[in-house]
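Notes for the one structure printed next.
The values are calculated or read from the model by the stated rules, or taken from the named source; none is laboratory data. These numbers come from a predicted model, not from an experiment. Positions of Cβ are generated from backbone atoms using ideal geometry, with glycine treated the same way; all protein chains shown enter the neighbour counts.
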């Protein structure tokens with residue numbers, strides 16, 4: 001097989017280059033694969049500071065995860081209804097504990113709970129109503145465990 005000229009490599013689109021590279025790897029033609037990679041156009045990028053981006057992504061994604069967990073607890077509560085009042089109280093306590101832990105965690109990083117609530121994942125109205133009903137029902141052991149879990153996952157603790 002005749003080697004393609006340099007201009008052929010330069011004219012490949014990204015899709016064509018990917019197809020050609022995979023084909024070269026598939027036929028175990030390491031030389032052709034390296035040529036396709038080495039002739040790929042190079043681009044320089046500017047981006048925000050990695051530490052800033054990582055911290056923002058963690059706060060926003062953890063905000064979403066917390067709200068999803070709160071919604072899950074709300075569904076658990078709604079599922080059992082008033083038929084099992086002791087279980088319902090435990091769920092409300094867990095709901096309150098998670099919300100309190102998240103607020104304490106973000107505040108320990110210089111972010112107000114109101115700001116993360118406004119900027120982060122939206123809170124479902126039922127979760128808000130249940131949190132109002134559960135005010136003061138948090139369990140400090142659960143709060144401490146949740147705080148520890150947040151800190152373990154967070155890059156800037």
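Restricting segment 131-157 to residues that are touching a residue at least 60 places away in the same chain (Cβ under 8 Å) and in a helix (DSSP H, G or I), the residue that is farthest from the chain's Cα centre (by Cα) is 131.
Number of residues in segment 102-130 that are buried (at least 18 other Cβ atoms within 10 Å of the Cβ) and in a helix (DSSP H, G or I): the value is 8. Just checking, how many residues over segment 14-55 are assigned to a helix (DSSP H, G or I) and under 27 Å from residue 113 (Cβ atoms)? Total satisfying the criteria: 6.
Looking at the structure I just gave you, is residue 99 exposed (fewer than 11 other Cβ atoms within 10 Å of the Cβ), in the same structural domain as residue 64 (by TED's automatic domain parsing) and either within 20 Å of the chain's Cα centre (by Cα) or modelled with pLDDT of 95 or more (or both)? Criteria not met by residue 99.
The test for being in a helix (DSSP H, G or I), surrounded by 15 or more Cβ atoms within 10 Å (Cβ to Cβ) and touching a residue at least 60 places away in the same chain (Cβ under 8 Å) holds for residue 58.
Does segment 62-81 include one or more residues that are in a helix (DSSP H, G or I), surrounded by 15 or more Cβ atoms within 10 Å (Cβ to Cβ), free of Cβ contacts under 8 Å to residues at least 24 places away in the same chain and over 32 Å from the mean Cα position of the chain (by Cα)? No; the residues of segment 62-81 include none that is in a helix (DSSP H, G or I), surrounded by 15 or more Cβ atoms within 10 Å (Cβ to Cβ), free of Cβ contacts under 8 Å to residues at least 24 places away in the same chain and over 32 Å from the mean Cα position of the chain (by Cα).
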